[in-house]
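Heads up, the thing below is written out as structure tokens.
The values are calculated or read from the model by the stated rules, or taken from the named source; none is laboratory data. Owing to the predicted nature of the structure, the values given are computational and were not obtained by experimental measurement. All Cβ positions, glycine included, derive from the backbone under ideal geometry; neighbour counts span all protein chains shown.
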Amino acid sequence: MDAIVIRDALIERIYEKMLDDDNIFFISADFGAPALDKLREKFGGRFINVGIAEQNLINISTGLALEGSIVFAYAIAPFLTMRAYEQLRTNLAIMSQVRDVNVNLIGVGSGLSYDVTGPTHHCLEDACIMNLLPNFVVFSPADHVTAERFVDYCLGVKKPKYIRLDGKAQPRIYHDADRLSMEEGFVELREGSEIGIVATGYMTHKALRVAEALSKRAMTAGVVDVFMLKPVNERKLYETLRKYPRLVTMEESFLRKGSLDTIVADLLLDNNHHPRFTRFGFKDRYVFDVGSREHLHKLNGLDEESIVAAILSKTSAESNPVGP
């Protein structure tokens, strides 16, 4: 199956929209992409490179949006979300409570996308800190089809949005785009009865492989891809998850800090529902080891073998408790 770089597909979709809508601007913090060359050449008057200045990127984007434009602001994810966090809070989160501000932040490099560049370029905090900001939409697609579909949502919803994209090419998950509902914000890709695996972004691909590995060990596992981290359609998501006696979350984020695992845990708690619950992600430390993404996953217990072994071990322990 061919893998596609999600940012290129997203930019191509934005390019198509810019052909029909003179009110769309694309702003870059000196960050390129093969798909961006055509856009920059065609729409020189609506493409702005602000340089390596993410704070100014947000300032300019906000100004254009307050004049009624639709803005896509593009940068490397950790620098877009953390270097410019004060501007995100003041210019976008606070301002959008009283004014329409349609700024769509495209952060490339979520999780360990930029694996060999080390902890300064890893982005394990972004979903946590962006979920914290009121009035923001937080979007975490697993493939290019989901990202392309989100562009229409961006044009119609006049709120600030953060689009967290994986930096590497990923295979297609959705062959029927009609399965994707931005209002629901998730899709149950695979149904199961014993365990439900809830994942987002890159980890959705791994979740599907883990589910398949579990099926070979006579355990039926469902997979739920949550691409809308905020807002969450709590009623629909709970209806999907409540049938599973065991739930697992998988993500490239710090655990217990407001990302996917916290979303699911809060949802279960609010509904007084208490299935067996396991979280897979990163503990409270940065990753200084050097190597490929899969190597770093293995060191942190996030490779498929480790996850499958952990699930089977917990299931076995619960089925065969040791009495006093």
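Results, tabulated for the structure shown:
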{"read-out": "Hits in the range 264-299 (condition: more than 30 Å from K236 (Cα to Cα) and either touching a strand residue (DSSP E or B) at 6+ places or on another chain (Cβ under 6 Å) or among the basic types (K, R) (or both))", "value": "R285, R293, K298"}
{"read-out": "Members of the range 37-87 that are closer than 19 Å to V151 by Cα and aromatic (F, W, Y)", "value": "F43, F47, F72, Y74"}
{"read-out": "Subset of the range 108-140 [part of a loop (DSSP other than H, G, I, E, B) and either among the polar types (S, T, N, Q) or assigned by TED's automatic domain parsing to the domain that holds H297 (or both)]", "value": "S110, S113, T120, N135, S140"}
{"read-out": "The lone exception for E251 - which of (1) in a helix (DSSP H, G or I); (2) touching a helix residue (DSSP H, G or I) at 6+ places or on another chain (Cβ under 9 Å) it fails", "value": "(1)"}
{"read-out": "Failed item, numbered, when S306 is tested on (1) in a helix (DSSP H, G or I); (2) touching a Lys or Arg at 6+ places or on another chain (Cβ under 9 Å); (3) touching a residue at least 24 places away in the same chain (Cβ under 8 Å)", "value": "(3)"}
{"read-out": "Residue among I4, I11 that is under 22 Å from S113 (Cα atoms) and either of a type in the set (S, T, Y) or not in a helix (DSSP H, G or I) (or both)", "value": "I4"}
{"read-out": "Test result for D152, acidic (D, E), closer than 30 Å to L299 by Cα and modelled with pLDDT of 95 or more", "value": "no"}
{"read-out": "Criterion violated by D30 - all others in (1) more than 24 Å from F227 (Cα to Cα); (2) at pLDDT 95 or above; (3) not small (G, A, S) satisfied", "value": "(2)"}
{"read-out": "Members of the range 124-149 found to be closer than 26 Å to E86 by Cβ and touching a strand residue (DSSP E or B) at 6+ places or on another chain (Cβ under 7 Å), listed by number", "value": "L124, E125, D126, A127, C128, M130, N131, F136, V137, V138, F139, S140"}
{"read-out": "All positions within the range 65-118 that are buried (at least 21 other Cβ atoms within 10 Å of the Cβ), within 18 Å of K158 (Cβ to Cβ) and without any contact (Cβ under 8 Å) to a residue 60 or more places away in the chain", "value": "A65, V71, A73, N91, V101, N102, V103, N104, L105"}
{"read-out": "Tally of residues being in a strand (DSSP E or B) and surrounded by fewer than 21 Cβ atoms within 10 Å (Cβ to Cβ) across the range 231-248", "value": "1"}
{"read-out": "Meets criteria (surrounded by fewer than 17 Cβ atoms within 10 Å (Cβ to Cβ), closer than 18 Å to A84 by Cα and out of contact with any Leu (no Cβ under 7 Å at 6 or more places or on another chain)) for D22", "value": "no"}
{"read-out": "Selection from the range 130-185 of residues that are aliphatic (A, V, I, L, M) and under 14 Å from the mean Cα position of the chain (by Cα)", "value": "M130, V137, V138, A142, V145, A147, I163, L165, M182"}
{"read-out": "Selected residue [under 26 Å from I163 (Cα atoms), free of Cβ contacts under 8 Å to residues at least 12 places away in the same chain and outside any helix (DSSP H, G or I)] from R279, R285, R256", "value": "R285"}
{"read-out": "Residue check for G107: at positive phi and at pLDDT 95 or above", "value": "no"}
{"read-out": "Search result, residues across the range 26-67 that are farther than 26 Å from R89 by Cβ and either assigned to a strand (DSSP E or B) or not assigned by TED's automatic domain parsing to the domain that holds A93 (or both)", "value": "F47"}
{"read-out": "Selection within the range 154-213 - without any contact (Cβ under 8 Å) to a residue 40 or more places away in the chain and in a loop (DSSP other than H, G, I, E, B)", "value": "Y174, H175, D176, S181, E191"}
